[in-house]
Structure formats: C-alpha cells, structure tokens
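Please treat every number below as a calculation from the coordinates, not as lab data. Source: prediction; values computed, not measured. Every residue, glycine among them, receives a Cβ derived from its backbone with ideal geometry; neighbour counts consider all protein chains shown.
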C-alpha cells in the first residue's frame, strides 16, 4: 500500500494548482501565520454586512475570548446564528479568514455569523483551544 494519500484526480489537480503554505514547523509557524493574515487583507468585502469584534469571558482562569459577529445591515430581531470555529488545526487562523464567507452567507441566508478567535497551539496546548471554542 502506498504511503501517499489517494485523491480523486480532479481534486488532486485542484490542490496542485492552489497556493502552498509549505511545511508547518516551529521555524516556519510565525511566517505562515503572518502570510495567512495578509491574504485576508486583500479580500474585497461588501458594506452590506457589519463585522463587530466583542470579547466574552474565557474559561475559568483563562483570558477573554474574542468573537467576530457578522450581521447583515437592516436585519432585525431574533434570527438563526451560525457559530464558526475557523480552520487551522488549532495552530493557524483567525476569524478574519472567514469574513468573505460570512459576507455572502449573512446576505443570502439572513443569519448572524459568530466566529471565535481561540488561543493557538503550540503556545497554548490542548485543551486550551478547545475550551476557548
């Protein structure tokens, strides 16, 4: 059996065309994190959705947790909420990486999106990121 993972040929081709972050290691982690944040800055967002950062108490003995709340302008009352834990394996990422996703979803589905900024490993090992979420 091959140690290489099997990908559908079309998926493999798409992955090979996409950006590469390289190997994540202690040596490369800071640069990869910074590069991902720079990618977020280039994303064009509409002015139809508000993005508000709030802080809420963290787990007992832990710092406060930042939440980014996305809401379509003019949307009133109680509406469904989608709570979002950004991808990144608890090592990479920030709520801002999903601003475009919520810019679209809030307008299309009339939902409020709430994305959490959890503490990242390895600086904050398990279970800290999970507890923040």
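Taking segment 62-90, which residues are under 19 Å from residue 130 (Cβ atoms) and exposed (fewer than 15 other Cβ atoms within 10 Å of the Cβ)?
62, 63, 64, 83, 87, 89, listed by residue number.
Does segment 102-133 hold any residues that are in a helix (DSSP H, G or I) and either touching a residue at least 12 places away in the same chain (Cβ under 8 Å) or buried (at least 19 other Cβ atoms within 10 Å of the Cβ) (or both), and which are they? Full working, then the answer.
If we filter segment 102-133 for residues that are in a helix (DSSP H, G or I), which is where we start, we get 102-109, 128-132.
102, 103, 105, 106, 107, 109, 128, 129, 130, 131, 132 - these are the residues of segment 102-133 that are in a helix (DSSP H, G or I) and either touching a residue at least 12 places away in the same chain (Cβ under 8 Å) or buried (at least 19 other Cβ atoms within 10 Å of the Cβ) (or both).
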